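Structure first, commentary second.
The values are calculated or read from the model by the stated rules, or taken from the named source; none is laboratory data. Owing to the predicted nature of the structure, the values given are computational and were not obtained by experimental measurement. In this analysis, Cβ positions are derived from the backbone assuming ideal geometry, glycine residues included, and neighbour counts consider all displayed protein chains. Heavy atoms of the whole protein, side chains included, go into the accessibility calculation; ligands, DNA and RNA do not. Shrake-Rupley method; radii C 1.70, N 1.55, O 1.52, S 1.80 Å.
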Amino acid sequence: MIIGTAGHIDHGKTSLVKALTGVDADRLKEEKERGITVDLGFAYRALPDGDVLGFVDVPGHEKLVRNMLAGATGIDHVLLVVAADDGPMPQTREHLAIVDLLGLRHGVVALTKCDLVTPSRLAAAEAEVRALLAGSGLADAPIVAVSSVTGQGMAELQAHLERARAVRPAARRAGQFRMAVDRAFTLAGIGTVVTGTAVSGRVAPGDKLTLSPRGLPVRVRGIHAQNRQAAEGRAGQRLALALSGVERADVRRGDWVLADALHAPTQRLDVRLQVLAGEARPLAHWTPVHLHLGAEDVGARVVLLEGEAITPGRHARAQLQLERAIGALRGDRFIVRDQSALRTLGGGSVIDAFPPQTRRRRDQRLAALAALERDTPAEALAASLALDPPTGIDARRFATLWNLDEAEARAVLAAVPHRVIADGARELLFSPGQIERYGAAVTTHLEAHHRRKPDSPGLTQEQLQRAVRDKPAGAVFALLLKQLLRAGALKRSGPHLSLAGHDASLQGAERQLWERLKPWLDEGGVHPPRLSEMLLRDRSLRRDQVLRVMERLQRMGNIHPVGAEYFIQTTHLAQLATRAWELAQADPHKRLNVKELRERTGISRHLSVPLVEYFDQIGLTRRDEVGRHFRRDPRQVFDG
C-alpha cells in the first residue's frame, strides 16, 4: 500500500514518517540545511507478514505544491498531517482540496505535536479538523493525536495503517503496464534508474517498454518494488526500474514508462472539470492554467464545451488544449492551478484523451462524451455504438483509451454486439442496426433512381450522401459504401455507384451504332479521334444520331464529352487524369502544367486545353489566380 502525506509546512510530516519508518525522507542537502521538505521523499516500513508499506512525503510550502502533486499519483491512503497548536492552515485546506479532486477517499488525520498543547486545545484542534473534513472524501477519516517526540499515539496510527491494507482501493491488476516517472538518476554499474508508482499492469525484467511521450524504446534490466529487489512489479507498488536504451538526460519528471501499445501522446484532453467552491469567480472560456496530471506539469488553455463559464462548486465538460504533448488516458485524475501556479482552481478526470479537433460543442460530440463517461468499457462501447449518426469507433484506440490488454479487449467486444468495417490498418466498430439501416437507405435510393433513369450508370457518393437523411460524416459514409461494395450489394462504374444487378445498356439501333464507333475510340485510347474525323470515316453516319448515342453513353458513365469534338471512354480518361495528377504532385507548388501534360502524354494541343477544362467542370481540379490544382485524387474518383 502507498501512503501519501499532505498538510501545511512545518506541521511535522517528515518527522512523522521518520517515526513510523525510521527513515528520514529529506534526502537533499538543501532540505537538511533549511529544515523543510523541498521535493518528494520516500520511505518504507516492513511488516511482520512480509508486506511493505510505502510512504511518499510531500513538501508543504505553498510554492512547492507542484512537487506535492508529482507524488500524488498512485496513492492508496492519505495521511493528512495537522499540527495541534496551529490547527488547519492554508496548505492544509489546499492539500485537502487536491486530495478530494484526485478522488482519494481513504485516509487518516494525524494531529501532530499533541505533546505541546493542553487537552482543551487538543480537543479544539480536533473539532477544527472535523469541521474542515465535513463534506470531503475524508469526512469519516479517523483522527489520531500523535507526537513524534514522545511516541504518543504512534502505536494507534501504525495499527490503523496496517488495518487499512485490507480496505484499500483495488489497483488495476489487469490492463497494460503504466508508471508515472517522478524521479530519475544514474547508479554506477546499473545505469539509468526511474522511480514512480505503478498505476496499472505488471512489469518484469526483460520487458520492452516505451518512455512516453518522446517514444523512446527501453528495456527493463532490474526492478526494486517497495524498496526490495523483485522479480516483478505490479500496480499499487512504488517501483525503481533500471532501464537500458536511455540516458538520464533523456528522462524528465512527468514522463511515463508504459507498454508500447499505450504510447499515444496527445495535446488535447476532453475532461470533466470541477471548480473549487472557494474560488472567487467562475472559470471562463480560454483561461490559461497549469495542468498537473500524473507527475506532469504543463501549461494549458480551458476550452468550455458547455456553458459560458464554470461557477465555483460546479463542474462541466471542457477541453484542455496543452502547450505540448503528454501521456494521458481515460479516468486519469488531474489538477488545474492558475497561470502563476500559486492557487489551485479545480480538477477532475479525463473523459477522452484523443478528441477530434473540430465540432467540439456539437450535441453529437457531447453525447459521445456522455457515452465515454459510463462506468465500464462495455457500457461505454455499447452507448457509443448507439449514437446516431454513427461515427465509427476505432477499436484499437478505444482499447488504448481504456487501457485494455488483448484479453480484456476481446471480452468487451464479445459482450457488445457490433459490426467491423476495415479502414486500412484500422478496424472501425458500428452497431449492426446502423449498418443495415444505412445499407437499406442507399439501396432504396438507387432502386428509385434506376426506375426513373434506367440508362443512368447510378449516383456518385456525394449524390447518395446528400439523399440519405441523418447521414454520418463523409469519411464514415464512404466506409459504409465500401462495405456494401465488398458485400456485393453495389457495384462501381467510374465515379458512379449502382445496384449490383443494374445494367445500363443501349438497345436496338443505338447499340448497333455504338458497335461501329467503339473500335475507333478503343484504337485511339488516350488519343481519341475527333467527331468530324469519325463522320468522314463513315459517310453514312449522321451527326445528330452520333451525338444522341454519346449523350446516352455519357449518362451511363461510359463516355465523357471533352470540348465539342472529343469523346473519351472512362478508362482512358482515368489514365489521363492519373497521369496529370502525378505530374501535379511532382510540381513544388502542386500545380498542373498543361504544356507538360501535353508533352508527357503526347496528346494534341486541341485536346489538352478542353481536357483540363473538363477536369475543372467535373470538380477534379480547380483553377485560381496561381494555377490549376487537383481537388481530389483521380484514382479514388475512377476506382473500379
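Here are VAL81, VAL52: which of them is surrounded by fewer than 20 Cβ atoms within 10 Å (Cβ to Cβ), in contact with a strand residue (DSSP E or B) (Cβ under 6 Å, 6 or more places away or on another chain) and β-branched (Val, Ile, Thr)? Working first, answer last.
On the way: VAL81 fails: surrounded by fewer than 20 Cβ atoms within 10 Å (Cβ to Cβ).
So the residue among VAL81, VAL52 that is surrounded by fewer than 20 Cβ atoms within 10 Å (Cβ to Cβ), in contact with a strand residue (DSSP E or B) (Cβ under 6 Å, 6 or more places away or on another chain) and β-branched (Val, Ile, Thr) is VAL52.
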So which residues in the range 204-216 are touching a residue at least 40 places away in the same chain (Cβ under 8 Å) and either more than 23 Å from the chain's Cα centre (by Cα) or part of a strand (DSSP E or B) (or both), if there are any at all? LYS208, LEU209, THR210, LEU211, SER212
Take the residues in the range 110-129 that are touching a helix residue (DSSP H, G or I) at 6+ places or on another chain (Cβ under 8 Å) and under 17 Å from ASP10 (Cβ atoms), then tell me which one is most open to solvent (accessible area, probe 1.4 Å). VAL117
Reported set for the range 339-366 where residues are at pLDDT 95 or above, over 17 Å from LEU401 (Cβ atoms) and in contact with a Ser or Thr (Cβ under 9 Å, 6 or more places away or on another chain) is LEU345
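Matching residues to (1) crowded, with 21+ Cβ neighbours inside 10 Å; (2) over 28 Å from VAL257 (Cα atoms); (3) touching a residue at least 24 places away in the same chain (Cβ under 8 Å):
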residue	(1), (2), (3)
ALA280	no, yes, yes
HIS292	yes, no, yes
GLU296	yes, no, yes
GLY307	no, yes, no
GLY313	no, yes, yes
LEU322	no, no, yes
ILE326	yes, no, yes
ARG333	no, no, yes
LEU342	no, yes, yes
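In the range 138-147, what residues are open to solvent by less than 20 Å² (accessible area, probe 1.4 Å) and either aromatic (Phe, Trp, Tyr) or under 41 Å from the mean Cα position of the chain (by Cα) (or both)?
Residues satisfying the conditions are LEU138, ALA141.
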Step by step: first the residues of the range 261-274, then only those that are within 16 Å of VAL181 (Cα to Cα) and surrounded by fewer than 22 Cβ atoms within 10 Å (Cβ to Cβ), then the one that is nearest to the chain's Cα centre (by Cα). Which residue is that? PRO265
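Residues are listed down the side, and each one gets a yes or a no for (1) in a loop (DSSP other than H, G, I, E, B); (2) in contact with a helix residue (DSSP H, G or I) (Cβ under 9 Å, 6 or more places away or on another chain); (3) among the hydroxyl-bearing types (Ser, Thr, Tyr); (4) surrounded by fewer than 23 Cβ atoms within 10 Å (Cβ to Cβ):
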| position | (1), (2), (3), (4) |
| --- | --- |
| MET68 | no, yes, no, no |
| PRO88 | yes, yes, no, yes |
| ALA97 | no, no, no, yes |
| VAL149 | yes, yes, no, yes |
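From ALA19, ALA43, ALA25, grab the single residue that is within 38 Å of the chain's Cα centre (by Cα) and either open to solvent by 30 Å² or more (accessible area, probe 1.4 Å) or at pLDDT 90 or above (or both).
Numbers: ALA19 fails: within 38 Å of the chain's Cα centre (by Cα); ALA25 fails: either open to solvent by 30 Å² or more (accessible area, probe 1.4 Å) or at pLDDT 90 or above (or both).
Being within 38 Å of the chain's Cα centre (by Cα) and either open to solvent by 30 Å² or more (accessible area, probe 1.4 Å) or at pLDDT 90 or above (or both) holds for just one of ALA19, ALA43, ALA25, which is ALA43.
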Residues of the range 585-608 being among the aliphatic types (A, V, I, L, M) and in contact (Cβ under 8 Å) with a residue 24 or more places away in the chain, which ones? LEU592, VAL594, ILE603, LEU607
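Here are some residues: GLY236, GLY254. Which one is at positive phi, among the small types (Gly, Ala, Ser) and modelled with pLDDT of 95 or more?
Working: GLY236 fails: modelled with pLDDT of 95 or more.
From the options GLY236, GLY254, the qualifying one is GLY254.
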Being within 38 Å of the chain's Cα centre (by Cα) and open to solvent by less than 10 Å² (accessible area, probe 1.4 Å) is the filter here; which residues of the range 4-16 pass it? GLY4, THR5, ALA6, GLY7
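With respect to PRO432, determine if the residue is open to solvent by less than 20 Å² (accessible area, probe 1.4 Å) and either modelled with pLDDT of 95 or more or not basic (Lys, Arg) (or both). Let's see the steps before the verdict.
On the way: open to solvent by less than 20 Å² (accessible area, probe 1.4 Å): no; either modelled with pLDDT of 95 or more or not basic (Lys, Arg) (or both): yes.
So PRO432 does not fit the description; no.
Here are some residues: LEU161, LEU132. Which one is open to solvent by less than 30 Å² (accessible area, probe 1.4 Å) and not aromatic (Phe, Trp, Tyr)? Talk me through it step by step, then tell me what you get.
On the way: LEU132 fails: open to solvent by less than 30 Å² (accessible area, probe 1.4 Å).
One residue alone meets the criteria, LEU161.
With the range 474-551 as the region, which helices (runs of 4 or more DSSP H) entirely inside it contain at least 1 residues that are basic (Lys, Arg) and free of Cβ contacts under 8 Å to residues at least 12 places away in the same chain? Walk me through how you get there before you give the answer.
Details: elements: 474-486, 508-524, 531-537.
By residue number, 474-486, 508-524.
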Report yes if some residue within the range 438-446 is open to solvent by 50 Å² or more (accessible area, probe 1.4 Å), within 19 Å of ALA487 (Cβ to Cβ) and not hydrophobic (A, V, I, L, M, F, W, C); otherwise report no. yes
Identify the residue in the range 344-369 that is of a type in the set (S, T, N, Q) and without any contact (Cβ under 8 Å) to a residue 60 or more places away in the chain and, among all such residues, is least open to solvent (accessible area, probe 1.4 Å). GLN364
Going by the structure shown, is ARG238 basic (Lys, Arg), in contact (Cβ under 8 Å) with a residue 40 or more places away in the chain, open to solvent by less than 40 Å² (accessible area, probe 1.4 Å) and within 26 Å of LEU401 (Cα to Cα)? yes
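Every residue, every condition in (1) open to solvent by less than 70 Å² (accessible area, probe 1.4 Å); (2) at pLDDT 95 or above; (3) charged (D, E, K, R), yes or no:
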| residue | (1), (2), (3) |
| --- | --- |
| HIS449 | yes, no, no |
| PHE477 | yes, no, no |
| GLN507 | no, no, no |
| ARG552 | yes, no, yes |
